[in-house]
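FYI, it's all coordinate maths here, none of it is from the lab. Because the structure is predicted, anything quoted here is derived from the model rather than measured. Cβ atoms come from the backbone with ideal geometry, glycine included; neighbour counts cover every protein chain shown.
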Amino acid sequence: MVKILPFILLAIAFVILLTTLFPYYTLKVIENKTFNCPRSEWIDCMPGPGVPKSQCSPNYLKWANANCPNFKGAAL
């Protein structure tokens with residue numbers, strides 16, 4: 001049991017690091033990608049647990065309003 005403890009602590013630290021850095025990393029990567037029009041007329045931007053939705057960013061919503069003919073907006 002003593003030999004497994006360092007690996008368990010390392011795994012817990014790794015999970016904590018990933019959960020704190022993941023939202024910032026994904027937002028950075030998504031901003032560098034080309035936008036695509038949403039499949040539906042409305043995007044669900046209701047707040048909830050987890051990572052913020054990339055399609056709810058102000059940059060994407062502004063782009064979608066200007067470039068997607070069937071896009072109606074974000075459901076808040």
Exercise. Taking K and R as +1 and D and E as -1, what net charge do the other residues with C-beta under 15 Å from the C-beta of ASN70 add up to?
Worked result: +1
For this session: Just add up the charged neighbours of ASP44: K/R +1, D/E -1, any other residue whose Cβ is under 13 Å from the Cβ of ASP44.
Result: +2
